[in-house]
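A short write-up of the structure that comes next.
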Amino acid sequence: MAKIGFISLGCAKNQVDCERMMYRVQEAGHSVEYELPGCDVVVINTCGFIDSAKSEAIDAILAVAQLKEQGLVGKILVTGCLSQRYQDEVRKEMPEVDGLLGTGSYTEIVPAIESLLEEKTVVSYGSIDTPEAETGRILTTPAHYAFVKIAEGCDNRCAYCIIPYLRGRYRSRQMEDIVVEAESLAENGVKELIVVAQDTSRYGTDLPGHKRLLPALLRRLCRIDGLHWIRVHYVYPDEIDDELISVIAEEPKIVKYLDIPIQHCNDQILKRMNRRGDGAFLRSLLKKLRDRIPGLVIRTSLIAGLPGEGEAEFHELLDFLKETRMERVGAFVFSPEEGTPAARMEHVDADTAAERVRIIEELQSGIMDDYNASRMDTDMEVLVDGYDEEAEQFYGRTYADSPDIDGRVWLASDEPLREGSFVTVHIDGTVDGDLSGYIVEETDDFSK
Ligand code: SF4
């Protein structure tokens, strides 16, 4: 039995892959460790889709390499997107790394570890189109919420995105497998289920019958006892049909929060980036969603500095944000990723793009303040996430806040609060852009 440590970087999908590797390792009789010193093998599950993610992965590898040099850890195994993308470079430039697994080889984690322990070199790159292998998970999120990855890969081929080259073509999991996993998560105390994939709205289109099955899947998930909130991320704009809108509007367990990455709104830029739908389509879609789903909070992702974005196009984007008032926005600097069509296109320099991100964030903080103001003096349901030692206060999230990317609600309470419980909070203030309030009722019995 060996001691295996894990580091997982990047997106929630990568986190689920890491949780599955941890489960396989534990099932094989090894121990999964949460402290790295003393580990026989450290698995670094990397992200590698844009520059900042690559630097973070390289820093993590170098940090573990230092522990190895000090004799505090044994072998280093690098998995995930950086390994998939830069297999030759990592081997040449990072001799500290003992093994490499590509994104098509997650199921090889146990034999890979055991080979390293036998002082063998490990380099395994299975097909990135390999169907998802069903297995258990060791959750790395707090026990009361979990991500469920419903598919892998992507067929959209946005011109700036390297992910399809790292994660392969779109592969939906079988609905039964997802439901069984969700039932097991609920039985083990998960109250909030966060549905993820590169593109969740395409779920089922690669399965026999080629139908969009996300609405049907969501209805099944809503029938699971114990789950109270179901949150949907990564829907592609032009795949949001009436059936999906209806299920979100009608099902009380589905939080009125939708993550719709649009990246931009200018017609020429969207066309050049191989994104379906134009500015007019996006405007009418957002209006339709707000009309059909009262209280809807919309999250999106934007890229500033995309090829073709001059001052006029950038201001068009600012006007679009002022008009559509999406409550949650993540803005990123365009990263010309070698191997993508967009990397060969003319674009503004990184400083200009960074300045545009700053301007977007400034505009959005005003929109977020207005959203917070609209919540003043109202009662909201809050999921208690934990206690902040520094602030000496409990905190949680409303339906409008997804973990790690959105805000918190700071909770005034004389009594200790149970992590993972739902409470009704009277919102009466803000703290640095976060809401705050006091408990009016504990509401947490969602056995049905
Ligand atoms: S939808 Fe576009 S941006 Fe998202 S993973 Fe697929 S190709 Fe990349």
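The values are calculated or read from the model by the stated rules, or taken from the named source; none is laboratory data. Small disclaimer: the values here were computed from a predicted structure and weren't measured. All Cβ positions, glycine included, derive from the backbone under ideal geometry; neighbour counts span all protein chains shown. We work out accessible area using only protein heavy atoms, side chains counted, and drop any ligands, DNA or RNA first. Shrake-Rupley method; radii C 1.70, N 1.55, O 1.52, S 1.80 Å.
Quick look at the numbers
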quantity	calculated
Accessible surface of the chain [probe 1.4 Å, protein heavy atoms]: carbon and sulfur percent	50
Surface accessible to a 1.4 Å probe, per residue, for the residues of the chain, Å²	42
Net lengthening on full extension, E323/K287 (0.36 nm per residue, minus Cα-Cα)	11.9 nm
Value of Rg/Rh across region 19-78 [Cα atoms, Kirkwood radius]	1.01
Eligible lysines near K75 by straight Cα distance, threshold 19 Å, same-chain separation 8 or greater	K3, K92, K120
C-alpha center-to-center spacing [region 306-339, region 205-255] in angstrom	28
Cleavage-rule hits (trypsin sites (Lys or Arg not before Pro)) in region 245-315: DSSP loop, at most 15 neighbouring Cβ within 10 angstrom	R276
Cα pair distances exceeding 27 angstrom across region 309-448, given as percent	39
The chain - Cys residues lacking any other Cys C-beta under 4.7 Å	C11, C18, C39, C47, C81, C154, C222, C265
Modelled label reach - I405, point 7 Å along Cα→Cβ, region 199-226 residues with backbone N closer than 20 Å	199-204, 214-215, 218
Net length gained if the chain between K211 and D51 were fully extended (0.36 nm per residue, minus Cα distance)	54.0 nm
Distance between modelled label sites at E69 and D177, nm, 7 Å Cα→Cβ extension	4.2
Net charge dipole size for the chain [Lys, Arg +1 and Asp, Glu -1 on Cβ; Debye, nearest 20]	1740
Heavy-atom accessible area ranking, 1.4 Å probe, most first, across M1, M273	M1, M273
Cα→Cβ-extended label distance, 7 Å offset, between E362 and S127, nm	5.2
Dipole of the chain, positive end: most advanced residue of G71, M273, V297 [Cβ charges, Cα centre]	M273
Beta bridge orientation in the chain: antiparallel %, DSSP, nearest 5	35
Total charge dipole magnitude, region 208-266, about the Cα centre, Cβ charges on Lys, Arg, Asp, Glu only, Debye to nearest 20	260
Using a Förster distance of 30 Å, the FRET efficiency for D278-E89 (Cβ separation, nearest 0.05)	0.20
In region 1-82, chymotrypsin sites (Phe, Trp or Tyr not before Pro) in a DSSP loop with at most 16 other beta-carbon atoms within 10 Å	Y34
Two-site FRET efficiency, S374 against D267, from Cβ-Cβ distance with R₀ of 41 Å, rounded to 0.05	0.85
Kirkwood-type radius of the chain, with distances r between different C-alpha atoms, in Å	23.2
Principal semi-axes in Å for region 212-298 [√(5λ), Cα gyration tensor, largest first]	27, 13, 10
Percentage relative contact order, the chain, counting C-alpha pairs under 8 Å, at least six apart	10
Expected-Rg normalisation [2.2 N^0.38 Å, Cα atoms] applied to region 250-307	1.28
At 1.306 mPa s and 10 °C, Stokes D of region 96-227 from Kirkwood alpha-carbon radius, µm² per second	96
Total charge dipole magnitude, region 1-52, about the Cα centre, Cβ charges on Lys, Arg, Asp, Glu only, Debye to nearest 20	120
Accessible area of S413 in the full protein assembly, 1.4 Å probe (Å², nearest 10)	40
Amide proton proximity set for I230, modelled H, under 5 Å, gap of 5+	L193, I254, V255
Cα-based Kirkwood hydrodynamic radius, region 323-379, one decimal, Å	13.7
Cα point-scatterer Debye curve for region 68-163, base-10 log of I(q)/I(0) at q = 0.12, 0.14, 0.17, 0.22 Å⁻¹	-0.51, -0.68, -0.94, -1.21
Rotationally averaged projected area of region 381-425 (alpha carbon convex hull; nm²)	3.0
Efficiency of FRET between A249 and D59 - r from beta-carbon atoms, R0 41 angstrom, step 0.05	0.40
Within straight-line cross-link reach of K149, lysines at Cα separation under 24 Å, skipping those fewer than 8 residues along the same chain	K13, K54, K191, K211, K253, K256
